[in-house]
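What follows draws every value from the coordinates through simple rules; no lab data is involved. Note that this is a predicted model, so its numbers are computed, not measured. All Cβ positions, even for glycine, are placed from backbone atoms using ideal geometry, and neighbour counts span all protein chains on display.
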Amino acid sequence: MPAKHFSHVQTWVFDLDHTLYPPEMQLFDQIEVRMANWVMKELGVDRPEADRLRAKYWREHGTTLAGLMRVHGVEPDGYLLDVHDIDFTVLTPDPMLRRAITALPGRKIIYTNGTAPYAENVLKARGLSGLFDATYGVEHADFHPKPDRAAFEKVFATDGLDPTTSAMFEDDPRNLAIPHAMGLRTVHVAPAALPQDHIHHHTDDLRGFLTQLTG
């Protein structure tokens, strides 16, 4: 049982996309389409090239936006507004997940590579509004994305959390390496386990995993 490994945790850090809702709800699929459309329009490339750049920048820079900023000097605000203009009704409320998160002792925060307003829209659609003590987006990290160490240091310093008494839940294993190094307990939330030294736990059922922690 994992509960004993979390008895020290006072702050619970949750990623958003594919962590607080499952991938099969296909919300992020809409964002990927809008990203490609934005790249086509702004860089004057065709769709195959836009998709190639989107994936390349995600791999090499952490997010597509980070690559666009570093390689092409793109200003982030307009891009972020555009790609997050999507249909949130594909998400459904999860009352049992709400109860599981509510039962966790201590503070709960959101930290996403999206924006805080986008995160609030996701939380509302999932029936999770009002649960979290703070919501941090990429704008709070000076537009440095996870997995950059500078991003984590900025957000965690702003929040004031103690990494050694915190846990992080995240679908992208890359984004757990720095938290692990900083002393957080790490949980990979994904359909398939990916054993790596910086991942303490894996779950394909966040709601069930959290319920185990609180009994």
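Descriptive notes on the structure:
- Global geometry of the chain, whether rounded, prolate or oblate, following the gyration tensor of its Cα atoms and the 1.5 cut on a/c: prolate
- Computed over neighbours whose Cβ is under 15 Å from that of Gln212, the net charge equals +2, Lys and Arg +1, Asp and Glu -1.
- For segment 73-124: rounded, prolate or oblate by the Cα gyration tensor [a/c cutoff 1.5]: oblate
- In Hz, Karplus ³J(HN,Hα) per residue of segment 137-143 (6.51, -1.76, 1.60; θ = phi - 60°; x = Gly, Pro): x, 4, 5, 7, 10, 6, 6
- Student exercise, segment 31-189 dipole from Lys, Arg, Asp, Glu Cβ charges, in Debye to nearest 20: 460
- Ellipticity at 222 nm from helices only: DSSP H runs of n ≥ 4 in the chain, each -39500 (n - 2.57), divided by the residue count, give -13000 deg cm²/dmol.
- Non-local Lys pairs in the chain, i.e. 8 or more apart or on different chains, that have alpha carbons under 20 Å apart: 7
- Listed from fewest to most Cβ neighbours within 10 Å, the set Ser129, Ser7, Ser166 follows the order Ser7, Ser129, Ser166.
- Anisotropy class of segment 27-83 from Cα gyration tensor, a/c 1.5 cut: rounded
- Residues listed by number, segment 190-215, amide nitrogen under 18 Å from Glu24 label point at 7 Å toward C-beta: 190-193, 203-209
- Footprinting exposure proxy for Phe28, Phe152 (fewest neighbouring C-beta atoms within 10 Å first): Phe28, Phe152
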